[in-house]
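S.K.: Starting off with a structure, shown below.
The values are calculated or read from the model by the stated rules, or taken from the named source; none is laboratory data. None of these values were measured; they are calculated from a predicted model. All Cβ positions, glycine included, derive from the backbone under ideal geometry; neighbour counts span all protein chains shown.
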Amino acid sequence: MENESSMYSKEWRDYLDLAEERPELFKASSRLQIIMDYESVQQFERNTDKKIGVVYRSAYNLLVVDLVENMKGERFAYERLIPAVKKGAIVSIPVYDDKFVLLKQYRHAMRAFQYAFPRGFGEEGLSAEENLQKEIKEETGADVKKISHVGTVIADSGIGSNEVDVFACKITEPQLKLHYEGIEEIELLTEKELVKWIAEGRITDGFTLSGYAMYKSRL
């Protein structure tokens, strides 16, 4: 088995390890079958000049490229962005003095600023609740006084399946941590102001919009 493994590319070895560690990511489906035969994978790679497997890894995400086959028998590459830590990612809906707390934060992917509720990747060894408290402290300098779980959200099922926990929380007075992780401002909005900002298109962050919708549905 060791000799066979040495014949695999690094991307494919990491892919097999991922399939063993997180089998839920490789559930069988007749709709879109994941091809696990390495000879077929190699042939596809030669024909298309595309890499199959775990093609990139950071402390936060894995970029996985699957070889899949649809119900017509057509095979193609399909990218997935998978969190490095399986659980614990959070979106917070912080409230201070009856006002919603939003961050104006620079987002590299957009190359622009965006208003949003504080959020964070999962971290090894931390529960979602613990991660929430850590993120609030790091990004606003505040302490969490009361937590309520309002649901989970999958931000973009076209590329990932990460379930992110959404929490409403009451916090102590926030303090601006200028330039920390791109944070430029802290905005305190009444609910009327928040709804107005949403209607005006000033809030475009999907986590913030879905989180607020969940929050309202549970009132």
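S.K.: Going through Lys146, Lys137 one at a time, which residue ends up being in the same structural domain as Ser210 (by TED's automatic domain parsing), within 24 Å of Lys216 (Cα to Cα), at pLDDT 95 or above and in contact with a strand residue (DSSP E or B) (Cβ under 9 Å, 6 or more places away or on another chain)? Give the derivation first.
M.R.: On the way: Lys137 fails: within 24 Å of Lys216 (Cα to Cα).
After ruling out the rest, the residue left standing is Lys146.
S.K.: Oh, and also: Please work out if Glu24 is over 29 Å from His149 (Cα atoms) and either of a type in the set (Asp, Glu) or not in a strand (DSSP E or B) (or both).
M.R.: Working: over 29 Å from His149 (Cα atoms): no; either of a type in the set (Asp, Glu) or not in a strand (DSSP E or B) (or both): yes.
Answer is no for this residue.
S.K.: Being under 30 Å from Ile171 (Cα atoms) and assigned to a strand (DSSP E or B) is the filter here; which residues of segment 76-95 pass it? Please lay out each step first, then the result.
M.R.: Of all residues in segment 76-95, those under 30 Å from Ile171 (Cα atoms) come to 83-95.
Pro83, Ile90, Val91, Ser92, Ile93, Pro94, Val95, listed by residue number.
S.K.: Right, next: Could you say whether any residue in segment 125-138 is of a type outside the set (A, V, I, L, M, F, W, C), in contact (Cβ under 8 Å) with a residue 24 or more places away in the chain and in contact with a helix residue (DSSP H, G or I) (Cβ under 6 Å, 6 or more places away or on another chain)?
M.R.: No - not one qualifying residue is present in segment 125-138.
S.K.: If you don't mind, there's one more thing I want to ask. Please go through segment 52-75 and give me each residue that is assigned to a loop (DSSP other than H, G, I, E, B) and within 30 Å of Gly120 (Cβ to Cβ), ordered by number. Don't jump to the end; show me each part of the working.
M.R.: Filtering segment 52-75 down to residues assigned to a loop (DSSP other than H, G, I, E, B) leaves 52, 58-60, 71-74.
Once the filter is applied, which keeps residues that are assigned to a loop (DSSP other than H, G, I, E, B) and within 30 Å of Gly120 (Cβ to Cβ), segment 52-75 yields Ser58, Ala59, Tyr60.
S.K.: Report, ordered by the first and then the second residue, all pairs with beta carbons closer than 8 Å, sequence separation of six or more or different chains, a first member in segment 200-219 that is in contact (Cβ under 8 Å) with a residue 12 or more places away in the chain, and a second member that is of a type in the set (Lys, Arg) and crowded, with 20+ Cβ neighbours inside 10 Å.
M.R.: Phe207/Arg119
S.K.: Take Phe121 and decide whether it is touching a Ser or Thr at 6+ places or on another chain (Cβ under 6 Å) and either more than 16 Å from Phe100 (Cα to Cα) or of a type in the set (A, V, I, L, M, F, W, C) (or both).
M.R.: Details: touching a Ser or Thr at 6+ places or on another chain (Cβ under 6 Å): no; either more than 16 Å from Phe100 (Cα to Cα) or of a type in the set (A, V, I, L, M, F, W, C) (or both): yes.
Taking the combined requirement at face value, the residue does not satisfy it.
S.K.: Follow-up. Of all residues being buried (at least 21 other Cβ atoms within 10 Å of the Cβ) and not aliphatic (A, V, I, L, M) in segment 92-118, which is farthest from the chain's Cα centre (by Cα)? Just the residue, please.
M.R.: Phe100
S.K.: All but one of (1) closer than 30 Å to Asp205 by Cβ; (2) touching a Gly at 6+ places or on another chain (Cβ under 9 Å); (3) of a type outside the set (Asp, Glu) hold for Leu62, so report the exception by its number.
M.R.: Status for Leu62: all satisfied but (2).
S.K.: Right, here's the next one. Might you let me know whether segment 100-112 holds any residue that is under 30 Å from Asp17 (Cα atoms), out of contact with any Ser or Thr (no Cβ under 8 Å at 6 or more places or on another chain) and hydrophobic (A, V, I, L, M, F, W, C)? Break it down into steps so the answer makes sense when it comes.
M.R.: Step one: of segment 100-112, the residues under 30 Å from Asp17 (Cα atoms) are 109.
Right, trim to out of contact with any Ser or Thr (no Cβ under 8 Å at 6 or more places or on another chain) and you get 109.
Those left that are additionally hydrophobic (A, V, I, L, M, F, W, C): 109.
Yes.
S.K.: If you go through segment 43-62 one residue at a time, how many are under 19 Å from Ser157 (Cα atoms) and loosely packed, with under 15 Cβ neighbours inside 10 Å?
M.R.: 1
S.K.: Could we say that Ala128 is within 19 Å of Tyr60 (Cα to Cα) and small (Gly, Ala, Ser) here?
M.R.: Details: within 19 Å of Tyr60 (Cα to Cα): yes; small (Gly, Ala, Ser): yes.
Yes, satisfied.
S.K.: Kindly indicate the residue of segment 96-119 that is outside any loop (DSSP other than H, G, I, E, B) and hydrophobic (A, V, I, L, M, F, W, C) and also farthest from Ile183 (Cα to Cα) among those meeting that condition. Can you show your working first?
M.R.: Going through segment 96-119, the residues outside any loop (DSSP other than H, G, I, E, B) turn out to be 96, 99-107, 112-116, 119.
Going one step further and asking which of them are hydrophobic (A, V, I, L, M, F, W, C), we end up with 100-103, 112-113, 116.
Numbers: Phe100: 16, Val101: 13, Leu102: 10, Leu103: 7, Ala112: 12, Phe113: 9, Ala116: 11 Å.
Step by step, filter segment 96-119, then rank; the result is Phe100.
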